[in-house]
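J.: Before anything else, here's the structure in question.
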Amino acid sequence: MTFNSVQFLIFLPLALLLYYAVSSKKRWIVLLILSYVFYAGWKIEYLVLIIYSTLVDFFIAQLIFNAKSEVKKKWLLTFSLISSFGILIVFKYFHFLVGGSSWFKDVANSHEQILWLQFVFEYGIPVGISFYTFQTVSYTLDVYHKRIEPEKNFGKFALFVTFFPQLVAGPIERFSDLHPQLFKAFKPKLETFRLAFQLCVYGFFLKMVIADNLGDIISPLFANPIAYDQTSKLIAPFLFGFQIFADFFGYTLIAIGVAHLFGVKLMDNFKSPFGSYSLKEFWSKWHISLSTWFRDYVYIPLGGSKNSKNRWIFAILMTFGLSGLWHGASVTYIYWGLFHGAYYVLEQFLFPVNYQKKMKFIEKVIRWTATFSAVTFGWLLFRSNSMKDISYFFSKTGDSSIFKQEYLLLLIPLIGFFMLEFLFRKSRIDQFLDEKNTMTRWSIYAFALVSILLFSARGDMQFIYFQF
């Protein structure tokens, strides 16, 4: 069940009716049931894994908190991490680790008792497994480091893990931020629904009009780059950058908007990243919940900036490399992460101070161009199916082109998209609109709604980050 599906448009009003039909003290129970129903909308079998992860981390956190021995705490934490990341490795990286070997498939087919192998091959990667795994891992680590106390009610902890607006693609929330909001008394106001409307309309515009149409244009090229001319292959990584931004940012806005209807404020995951003057600034504005997760649970434990120069470089490359691997079981994702890490290190050596505040206009142009170009080259690594396909972008060319006459009308919403992003660069859409008069607000609403009606691509296309 995706946000841009008919099923969700039916599910959400019913969910709100059920949620507000019960007393405020029991609403969390309704919300937990709704979240499980929402997740079961993909495959009900996926519930087995998320319930298992919830059970393990719930009880392990209790044991860690009550353990007297530091050694025992470490063993319990180790068990929790092996359990969480073990499931992630089996269901997300198994094919990658065995190199696509047909031997494992033969074993699974000939030995029915090896049920986990059959499950892996039949059902593939469970939706959202990377997101809820990182969320439960951060909870256990925070309990271990005594940053929080564990939740004693299993159902309430399960709601923290499964809260449906952010379950399958984030933002990856911390227990201390999300958990208290799920159980506080909340009375919706007109302002609540207006804010949700603003965020969801713009989110659907970004996804259904911008991201999906750009996907239709460039997907054939990335599937067979050797068939396309050099101009198309030069433009495609730029277009993919805007596609993945519109797709993921659109999802995030819808998730934040829907969460507001249940009295929950999710964190902002994007803050105009394409206006960045450095890669460091870019990663402070792009997929913020993931970048801060890796900062707090990988980079800082490795020593962070307090290391020697060589150890710091290792920490950066390790953090970015793991970030790339988090996105998928492919060497292209790993190279994407390492490329960002290497560029980040180079950038810090060339510009060791906070130079942004001192830059003149021409310096800003140069730095923005360098950053945008580096990020765009990274998208080529990220989107390509293999390293061989990447080589085709720089060698063999064909006659096909992504520039077709039927796409000319799409220039209208695309130009509107760039204009709106420029307007919203310093504030979120709802904050921007609240400062404008009625005519300006409804002009933007009308543009977005009409664009959705006229220019939406083929229906029910999944969000890109659902595969991660």
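J.: List the aspartates and glutamates whose Cα lies under 19 Å from the Cα of K306, skipping any in the same chain that are fewer than 8 positions away.
T.: Leaving aside aspartates and glutamates fewer than 8 places away in the same chain, those within reach of K306 are D296, E347.
J.: What nm value, rounded to one decimal, do you get for the distance between I362 and S443 when each label is placed 7 Å out toward the C-beta?
T.: Taking the two extended label points, one gets 3.7 nm.
J.: What does the charge count near L77 come to, summing +1 for each Lys or Arg and -1 for each Asp or Glu among other residues with Cβ under 12 Å from its Cβ?
T.: So the surrounding residues net to 0.
J.: Further question: Rounded to whole Å and sorted largest first, list the principal axis extents of the Cα atoms in the chain.
T.: 62, 57, 54
J.: Follow-up. Please compute the length gained on full extension between M387 and A67, using 0.36 nm multiplied by the number of residues separating them and subtracting their Cα-Cα distance.
T.: 110.4 nm
J.: Along the Cα-to-Cβ line of Q230, 7 Å from the Cα, sits a label point; which residues in segment 362-394 have backbone N less than 15 Å from it?
T.: 392-394
J.: A follow-up question, please. Excluding Y132 itself, what net charge comes from residues whose Cβ is under 13 Å from its Cβ, given Lys and Arg +1 and Asp and Glu -1?
T.: Local net charge: -1.
J.: How big, in percent, is the set of alpha carbon pairs in segment 291-409 lying more than 24 Å apart?
T.: Considering segment 291-409, 45 percent of its Cα-Cα pairs are separated by more than 24 Å.
J.: Next question, about the same structure. Using 27 Å as the Cα-Cα cut-off, could you pick out the over-long pairs in K146/K189; K73/K156; K265/K358; K280/K309; K43/K404; K146/K309? Write out the running numbers ahead of the final one.
T.: On the way: K146/K189 37 Å; K73/K156 23 Å; K265/K358 35 Å; K280/K309 17 Å; K43/K404 38 Å; K146/K309 30 Å.
Beyond 27 Å: K146/K189; K265/K358; K43/K404; K146/K309.
J.: Relative contact order for the chain: what is it in percent, counting Cα pairs under 8 Å that are at least 6 residues apart?
T.: In percent, rounded to a whole number, it is 20.
Bear in mind these aren't lab numbers, they're just calculated from the coordinates by the rules spelled out. Just so it is clear, the model here is predicted, and its values are computed rather than measured. Virtual Cβ from ideal backbone geometry, glycine too; neighbours counted across all protein chains shown.
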